[in-house]
Amino acid sequence: MVAAALSFFAACAALAAEEVPRKAEPCVVCHGPGGNSTDPGMPSLAGQPAQFISMQLYMFREGNRKDPQMSPMASSLSNADMNELAAYFSRQKPAVSSHKTAPENAATGRRLAERHYCVQCHGPALMGQQHIPRLAGQQREYLRTQLRGFKASTRFDMDGNMTSAAQLLSDADIEILADYLSGLDGPAPSTR
Amino acid sequence: MSVSVGNPSLARAVSRLVAALLALGAFAAHAQLPAKPAAAPTPPPSWQQGRSAEQEKSTLHPFAIHVTGKPAKELPVDKLKVPAGFKVEVWVDGVPAARSLALGDKGTVFVGNRQAKNVYAIVDRGGKREVKTVLKGLDTPNGVAFRKGTLYVAERHRITRYDGIEDRLDNPPEGKVVIDNLDPSKAPGHFWKFLALGPDGKLYFNIGAPGNIVMPNYMQASISRVDPKSGTLENVAMGVRNTVGFDWHPQTKQLWFTEHGRDWLGDNSPSDELNVVTRKGQHFGYPYCHQGDTLDPEFGKNRSCAEFTPPALKLGAHVAPIGMRFYSGKMFPAEYRNNIFIALRGSWNRTIKQGYNVTRVSFDDQGKPKMQPFLTGFLVDEKADPPMWGRPSDVLVMRDGSLLVSDDHNGIIYRVSYGKK
């Protein structure tokens, strides 16, 4: 009886959520249901700006950005596929971040984000805009890997700004920033 | 340091003396050493460089293109307007980031871009157009130019030539480097290049300023030319912040070019420019003087605008003029002959947006230029973010006299024609 009720509620919840388009099925295997990743190394796509998602897919396919998993995934996508996937994931509600920022990193993290101009492009709340990704609530290990990649000039960079910004980050700064950003909650889902 | 002395005790004394002197020297050096300098701060993002303290909270920002493109059927292309008697239509869509245009001898339209790595070719077969990816894996292949069977491509750092490419679009030849090492610093800034062939057979290209308002080095903020036969490189114009469109007057053969003025001097300052080179090596003012009459608040302090060549026409603040071509076709009415069409791809750096159209520049009897909008309808709401749905980025006069207009925001090329055609 309880099990039946639970499965009824689960079915209702599934109906309320947007149906996963077939094209997005391979994506959610790694990026999580609705693009909300639970893997620390795998970025969340839910609520990311559509232009960010389509541009990254494009750059993976074209070979500008390289990743052993993503490059082959993107290789067979058409531009229209990319636009469709971007539209779907940008519509999904980002889950409340499960990462808790270490208390000593909260204020330091914010200071670093301001001093190194993160907030200027990614926005005051680090929510991203246009082709610029949302950092708030993103998986920590993923953020750390990207920042290290930018610092080492190995991560694809559209215009050099991220590579330039990462040069003065110490390894400790990168740890603090990743910890701080990952723990940020996005806005309430209803405002999204 | 080595000391060679025969007597051991003298040697010890000498070595003590040397040690003492060294210690003294070390001390003196230490005493003069300033406190450990603070690490240089991270520079602001390149597009924000040059903001004043009051502008620190500004929400103005550049607009990013849809690099994957948008199909024309999803866009309000029916809102595009041209003067009476003219017609505008979508010529082709699905050309990612379509920007610079060049026309092949056999009618192929080659398309370069700033954000992608490919060069595209569009083949028109009886009104049905096919988009082919002809070159792959290039670095910012913005500049494309064509002459006598050869396509030239300007990447961020070099210019290459592809001989006979129009006969083998499906199996293009290997590129041969004309000139390399044009971007040794690999830093943010205006690193994408426009490319055109002059009446002298030389390849003309820009090397933009390395930021919004910074002191350029000897090869930056310039128009240069290279002789594809000899490889000889020369400066043609200096003090050019960034030009990504130029053409030669069909009669005077003088080089005209559009130029983007600096950002963050206010909604109405400075104006972007239409310039003409009347003498090789002329200096057009950057970073000292803008729009021919406005000294830069930082770099202009010890200079006068009289030192520099003023613009032929002020095009408006922040309108971002990109491609420009003289109209040499025969389809449009006679008064359009030798007029200039300019694609305005901005503005973003003003609170009330303007531009986002193709502007026509005509000349009066005294040769004085004046401008009026020609193709409009991209700008929807001058206060919105974004204010537009498309952005004209280059223009090209076709052999039938029609005008192609690229829109890199959506990856679309439009065609403007006149009369029944």
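The values are calculated or read from the model by the stated rules, or taken from the named source; none is laboratory data. Just so it is clear, the structure is predicted and the values come from calculations on it, not from any experiment. No Cβ is skipped: glycine too gets one built from the backbone with ideal geometry, and neighbour counts run over all protein chains shown.
Which residue is farthest from the other protein chains (Cβ to nearest Cβ), if the candidates are limited to region B:132-158 and must be surrounded by fewer than 19 Cβ atoms within 10 Å (Cβ to Cβ) and part of a strand (DSSP E or B)? Applying the filter and picking the extreme gives B:R147.
Looking across region B:115-149, the residues that are in contact (Cβ under 8 Å) with a residue 40 or more places away in the chain, in contact with a strand residue (DSSP E or B) (Cβ under 6 Å, 6 or more places away or on another chain) and closer than 19 Å to B:F205 by Cα come down to B:G143, B:V144, B:A145, B:F146, B:R147.
Restricting the first member to region A:153-169 and to residues that are closer than 16 Å to A:M59 by Cα and more than 8 Å from chain B (Cβ to nearest Cβ), and the second to residues that are in a loop (DSSP other than H, G, I, E, B) and of a type in the set (D, E, K, R), the beta-carbon pairs closer than 6 Å and six or more apart or on different chains are A:F156/A:R65. The condition (being surrounded by fewer than 21 Cβ atoms within 10 Å (Cβ to Cβ) and either assigned to a loop (DSSP other than H, G, I, E, B) or away from chain A (no Cβ under 14 Å) (or both)) is satisfied by just one residue among B:T59, B:T68: B:T59.
For region B:237-244, the criterion of being touching a residue at least 12 places away in the same chain (Cβ under 8 Å), farther than 21 Å from B:P45 by Cβ and within 13 Å of the chain's Cα centre (by Cα) is met by at least one residue.
Among the residues of region B:375-411 satisfying the criterion of being touching a Lys or Arg at 6+ places or on another chain (Cβ under 6 Å) and surrounded by fewer than 24 Cβ atoms within 10 Å (Cβ to Cβ), which is farthest from B:V111 (Cα to Cα)? Going through the qualifying residues, I end up with B:E382. Every condition in (1) without any contact (Cβ under 8 Å) to a residue 40 or more places away in the chain; (2) hydrophobic (A, V, I, L, M, F, W, C); (3) under 20 Å from B:G266 (Cβ atoms) holds for B:A384 except the one numbered (3). Figure legend. Inter-residue proximity from region A:118-145: first residues free of Cβ contacts under 8 Å to residues at least 40 places away in the same chain, second residues of a type in the set (S, T, N, Q) and not in a loop (DSSP other than H, G, I, E, B), beta-carbon distance below 8 Å, spacing 6+ or different chains. Indicated pairs: A:Q120/B:Q48; A:H122/A:Q129; A:G123/A:Q129; A:L143/A:S182. Of all residues in region B:185-206, those being within 14 Å of chain A (Cβ to nearest Cβ) and free of Cβ contacts under 8 Å to residues at least 40 places away in the same chain number 3.
Screening region B:32-56 for residues that are part of a loop (DSSP other than H, G, I, E, B), at the interface with chain A (Cβ under 7 Å from one of its Cβ atoms) and under 18 Å from B:M215 (Cα atoms) and picking the one that is modelled with the lowest pLDDT gives B:P43. Of the residues that make up region B:285-302, is at least one modelled with pLDDT of 95 or more, surrounded by 15 or more Cβ atoms within 10 Å (Cβ to Cβ), assigned to a helix (DSSP H, G or I) and touching a Cys at 6+ places or on another chain (Cβ under 8 Å)? The answer is no, given that none of the residues of region B:285-302 is modelled with pLDDT of 95 or more, surrounded by 15 or more Cβ atoms within 10 Å (Cβ to Cβ), assigned to a helix (DSSP H, G or I) and touching a Cys at 6+ places or on another chain (Cβ under 8 Å). Selection of region B:95-127 for residues being crowded, with 23+ Cβ neighbours inside 10 Å, more than 12 Å from chain A (Cβ to nearest Cβ) and in a loop (DSSP other than H, G, I, E, B) yields B:A98, B:R99, B:S100, B:G112. Of all residues in region A:26-36, none satisfies being within 14 Å of chain B (Cβ to nearest Cβ), touching a residue at least 12 places away in the same chain (Cβ under 8 Å), part of a helix (DSSP H, G or I) and crowded, with 16+ Cβ neighbours inside 10 Å. Could you please let me know if B:D124 is more than 17 Å from B:I413 (Cα to Cα), over 15 Å from the mean Cα position of the chain (by Cα) and among the acidic types (D, E)? It is false that B:D124 is more than 17 Å from B:I413 (Cα to Cα), over 15 Å from the mean Cα position of the chain (by Cα) and among the acidic types (D, E).
Which numbered condition in (1) within 14 Å of chain B (Cβ to nearest Cβ); (2) out of contact with any strand residue (DSSP E or B) (no Cβ under 9 Å at 6 or more places or on another chain); (3) in a helix (DSSP H, G or I) is the only one that A:P124 fails? Tallying (1) within 14 Å of chain B (Cβ to nearest Cβ); (2) out of contact with any strand residue (DSSP E or B) (no Cβ under 9 Å at 6 or more places or on another chain); (3) in a helix (DSSP H, G or I), A:P124 fails exactly one: (3).
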